[in-house]
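Encoded as structure tokens, the structure appears first; notes follow it.
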């Protein structure tokens, strides 16, 4: 097994971005959903992304935006990945995947009690990866809650899995052991408050992830 990638989502300020990059994260997530407590303006995101070093991905998180609007933000901010958290159809994703190149698409799914492989099958050839988060009646993400990871095997995913939902220093090692995801998406579990990351929590989460990777070799 290779090294589990780490994405820190909900970046709202340059200090948190610099801190996460210094710790070796692979990607920073910028949420362009106005209703999110971690929302960021395109202007502010552009400023932060301009300071990021090469080989660290800038991920834009969108909820039910039009393809044209997303393409505009990709170009304006310099995004390298797009994460879709809305009700985007497979056809929508296929078209955006072509128009957004070389930017690649991640489709997020909030795992419900009745979720099964039929939810994912139409997207297998439309996106580059799946992000699995916990379903919440009022939130698109960042709930701080986890779902039953044992269910993932039954989804028959043919794209890489990015695991989200209630991840923090106390359970990232277990997540890697049980799921073996491509990446972990850290957000609320490493915060002091929405949009404000805690250096100690992030440092400990990354440490535990690296130990788990070593044990999995």
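We did not get these values from a lab; they are worked out from the coordinates using the rules stated. Every value quoted in this text rests on a predicted model; they were computed, and no experiment measured them. Note that we place each Cβ from the backbone using ideal geometry, even for glycine, and neighbour counts take in every protein chain shown.
Here is how the numbers come out for the structure above:
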read-out: For segment 91-132, alpha-carbon Rg and Dmax in angstrom; value: 11.1, 35
read-out: Gain in span if fully extended, residue 99 to residue 68, counting 0.36 nm per residue against the direct Cα distance; value: 10.3 nm
read-out: Over segment 5-216, volume per residue of the alpha carbon convex hull, in Å³; value: 111 Å³
read-out: Segment 5-216: antiparallel DSSP beta bridges as a percent of all, rounded to 5; value: 5 percent
read-out: Spin-label pair residue 161/residue 215, simplified geometry with 7 Å Cα→Cβ offset, distance in nm; value: 1.8 nm
read-out: Compactness relative to 2.2 N^0.38 Å, alpha carbon Rg of segment 1-85; value: 1.04
read-out: Relative contact order of the chain, pairs being alpha-carbon contacts under 8 Å that are 6 or more residues apart, as %; value: 20 percent
read-out: Residue-averaged 222 nm ellipticity for the chain, from DSSP H runs of 4+ at -39500 (n - 2.57), nearest 500; value: -9500 deg cm²/dmol
read-out: Hull volume in cubic angstrom per residue (convex hull over the Cα atoms of segment 146-190); value: 64 Å³
read-out: Normalised per residue, the volume of the convex hull around the Cα set of segment 29-137 (Å³); value: 105 Å³
